[in-house]
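Novice: Here it is, the structure, as structure tokens.
The values are calculated or read from the model by the stated rules, or taken from the named source; none is laboratory data. Note that the structure is predicted; figures quoted are calculated from it, not measured. All Cβ positions, glycine included, derive from the backbone under ideal geometry; neighbour counts span all protein chains shown. All accessible areas refer to the heavy atoms of the entire protein, side chains included, with ligands and DNA or RNA removed. Shrake-Rupley method; radii C 1.70, N 1.55, O 1.52, S 1.80 Å.
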Amino acid sequence: MEIQKLYDLDDIEFEDIAIGLVRLAKDIPAHEFFYKINQINNLSFSRKKDLVFHGGYYDYFFPRFEAYHKYTKTCFTFISNKSSESKQKKIQTELFTEEENIKFLLNNQVDVEYILHSSEQFPDFSVILLPENLVFPIQDYTLSSDEELYQIIQYYE
């Protein structure tokens, strides 16, 4: 009985989210990047409603692109790591607020262009073919439940 409990997957809570970090080798616009991805894949990425982060002084907007894989029935989402737009809500009156008009979702990974997320618990990002000479290999990254980006992804799922 105790052995069965050790391996009962229904009792296990998966706290972490596996994401992929996408770094571009060349600086190209998003529409060109996704055009090339759509050409070589059976996926059709399209722009979705921006992910919005509400800061104290600014609202930040991060572009999102989504596609569904026909065979695995998996939703893949690319989220820009760098905000494309920010709207100031109130004027900063404090000297050191540490809030600027540009925000990164992963502050410690500013060289990452996109964050790749999947609807699967254990995603396989290898089903997405990436254009040669434009993208470095996808780096696996794990978000814990206490990170800010974890909460944002959970909200938009």
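Novice: To the nearest 10 square angstrom, what accessible area does V52 show with a 1.4 Å probe?
Specialist: For V52, the solvent-accessible surface is approximately 40 Å².
Novice: Quick one: among D59, D146, D16, which has the greatest mean-square fluctuation in a GNM of the chain with alpha-carbon springs under 10 angstrom?
Specialist: Judging by the Gaussian network model, the answer is D146.
Novice: Positive end of the charge dipole of the chain (Lys, Arg +1 and Asp, Glu -1 on Cβ, about the Cα centre): tell me which of N101, I152, T142 has its Cα farthest that way.
Specialist: It is N101, whose Cα lies furthest towards the positive end.
Novice: Would you mind counting up the charge near G56? Only other residues with Cβ under 12 Å from its Cβ, with Lys and Arg at +1 and Asp and Glu at -1.
Specialist: Local charge sum for G56: -2.
Novice: Which whole-Hz couplings ³J(HN,Hα) result when phi for each residue of region 125-142 is put into the Karplus expression 6.51 cos²θ - 1.76 cosθ + 1.60, θ = phi - 60°, listed in order with x for Gly and Pro?
Specialist: For region 125-142, the Karplus-derived couplings read 6, 6, 6, 9, 7, 10, x, 5, 6, 10, 9, 6, x, 5, 9, 6, 9, 10 Hz, x marking Gly and Pro.
Novice: To the nearest 10 square angstrom, what accessible area does H54 show with a 1.4 Å probe?
Specialist: H54 has an accessible surface of roughly 130 Å² with all protein chains in place.
Novice: Could you check which residue among I28, I102, I128 shows the biggest mean-square fluctuation in a GNM of the chain with a 10 Å Cα cutoff?
Specialist: In this elastic network of the chain, the residue with the biggest mean-square fluctuation among I28, I102, I128 is I28.
Novice: Now a separate question. Report the residue, chosen from F45, F78, F122, that carries the largest GNM mean-square fluctuation when the chain is represented by alpha-carbon nodes joined by springs under 10 Å.
Specialist: Highest fluctuation among the options: F122.
Novice: Quickly estimate the mean residue ellipticity at 222 nm for the chain, helices only: each DSSP H run with n ≥ 4 gives -39500 (n - 2.57), and the total goes over all residues, rounded to 500.
Specialist: Dividing the helical sum by the residues of the chain leaves -4500 deg cm²/dmol.
Novice: Here are labelled values, (i) -0.28, -0.95; (ii) -0.40, -1.03; (iii) -0.21, -0.88, and one is the computed log10 I(q)/I(0) by the Debye sum over Cα atoms at q = 0.08, 0.16 Å⁻¹ for what I pasted. Which one?
Specialist: (i)
Novice: On to the next question. If you take the alpha carbon radius of gyration of region 33-109 and divide it by 2.2 N^0.38 Å, what ratio comes out, to two decimals?
Specialist: Against the empirical 2.2 N^0.38 Å value, I get 1.42 for region 33-109.
Novice: Place a point 7 Å from the Cα of K90 along the Cα-to-Cβ direction; which residues of region 47-72 have their backbone N under 20 Å from it?
Specialist: 53-61
Novice: Follow-up question, since we're still on this one. Cβ under 15 Å from K26's Cβ, K26 left aside: what net charge do those residues give with Lys, Arg +1 and Asp, Glu -1?
Specialist: My count for the surroundings of K26 gives -3.
Novice: Follow-up. For region 35-157, give the magnitude of the charge dipole about the Cα centre (Cβ charges: +1 Lys/Arg, -1 Asp/Glu; no others), in debye to the nearest 20.
Specialist: 660
Novice: Related question: Which lysines, if any, have their Cα less than 20 Å from the Cα of K87, not counting same-chain residues under 8 positions apart?
Specialist: Leaving aside lysines fewer than 8 places away in the same chain, those within reach of K87 are K48, K49, K103.
Novice: Mind checking the dipole of region 114-157: about its Cα centre, +1 per Lys or Arg Cβ, -1 per Asp or Glu Cβ, Debye to the nearest 20?
Specialist: 120
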